[in-house]
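Shown next, in structure tokens, is the structure this report addresses.
Throughout, read-outs are computed from the coordinates displayed, never taken from laboratory work. Keep in mind the model is a prediction, meaning the values are calculated, not measured. Neighbour counts run over all protein chains shown; Cβ positions are idealised from the backbone, glycine included.
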Amino acid sequence: MKWEGNRESDNVEDVRGSGGGGGGFGFGGRSIGIGSIVIALVGGWIFGVNPMTILSIMSGGGGPAPVQQQQTQAPANDRDSKFVRVVLADTEDVWTKLFREQGGTYQKPALRLYTGRTQTACGAGSSATGPFYCPADSKVYLDMSFFQLMEERFKVEGEFAQAYVIAHEIGHHVQHAMGLTDKVDQVRQRGTEKQANAMSVRLELQADCFAGVWAFHANQSRAILEQGDVDAALKAASAIGDDALQRQSQGHVVPDSFTHGTSEQRARWFKRGLETGKVDTCDTFAARQL
């Protein structure tokens with residue numbers, strides 16, 4: 001992936017090494033069984049919203065947890081953090097343009113780099129949850145060690161695969177800005193666990209498609225793609241499909257518990273966005289077949 005020398009975003013909060021502070025997970029409303037906890041952890045562990053958000057929704061939870069303030073350090077200049085700032089800037093440029101074309105204004109999200117654990121407006125986050133987006137504070141949270149995990153556990157390498165991860169989380173911010181997240185949360189709160197999972201799948205697949213839309217426009221404007229990049233991103237999308245993760249963790253697949261979509265679905269929706277570059281082709285909620 002060609003990225004060096006491109007614009008860097010000013011919206012990265014680098015709190016790596018500062019410590020995340022204490023605090024547990026508090027949820028109002030109904031009690032949560034172990035089955036719900038497992039679903040939330042599996043659903044949020046890779047590329048999704050914070051599992052604490054899912055648990056709060058499933059429990060009929062109250063407002064977001066209070067956030068402990070952390071001191072933001074001056075941005076580091078290591079290669080990894082520069083890469084994140086460039087990718088975030090690239091998503092800002094693409095989505096600002098696309099929103100403007102529709103007569104809207106894109107509100108740029110912040111991205112927090114942290115180590116170990118951190119406090120968010122959606123509850124406490126940790127590296128074990130993987131990257132996630134918190135709609136309550138409009139921030140993406142990323143522990144850079146996740147990229148090492150991608151290589152070690154899923155055998156997925158390459159900077160474009162990492163950029164796909166960031167772009168997917170930005171896709172959740174786009175959904176929030178479009179009002180889709182709130183609508184989906186309302187449906188999930190009223191429905192059964194099976195129905196809530198099905199809505200989560202559509203939300204996640206759309207975020208995959210939005211990541212593809214970003215890649216299409218970024219490549220058109222800045223020619224970022226190199227040979228093998230698309231294959232690496234498709235491999236990443238396939239590696240974290242619900243079916244692949246469940247086979248790896250429990251040896252069998254339970255479709256009703258899917259929250260992110262199958263490997264084939266994730267790769268296909270990302271590819272759809274990448275090939276068309278059109279937001280309206282990413283309407284997973286209107287799709288009869290995912």
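Pairs to check: Lys82/Lys194; Lys97/Lys139; Lys108/Lys271; Lys183/Lys278; Lys2/Lys278. Give those whose C-alpha atoms are more than 31 Å from each other in this structure. Please list the in-between numbers first.
Numbers: Lys82/Lys194 41 Å; Lys97/Lys139 20 Å; Lys108/Lys271 25 Å; Lys183/Lys278 22 Å; Lys2/Lys278 23 Å.
Long pairs (Cα-Cα over 31 Å): Lys82/Lys194.
What FRET efficiency would be calculated for the residue pair Gln186, Asp137, taking the C-beta separation as r and a Förster radius of 22 Å, to the nearest 0.05?
Rounded to the nearest 0.05, the efficiency is 0.65.
Which residues' amide hydrogens lie under 5 Å from the amide hydrogen of Val12, considering only partners 5 or more residues apart or on another chain, with H built in the peptide plane?
Leu111
Considering only C-alpha atoms, what is the centroid distance from the stretch 124-175 to the stretch 200-239, in Å?
13
So if R0 is 35 Å, what FRET efficiency would Thr105 and Gln148 give, r being the distance between their Cβ atoms, rounded to the nearest 0.05?
Working from the Cβ atoms, E equals 0.45.
Below 15 angstrom from the Cβ of Val187, what's the summed charge of the other residues (Lys, Arg +1; Asp, Glu -1)?
That works out to +1.
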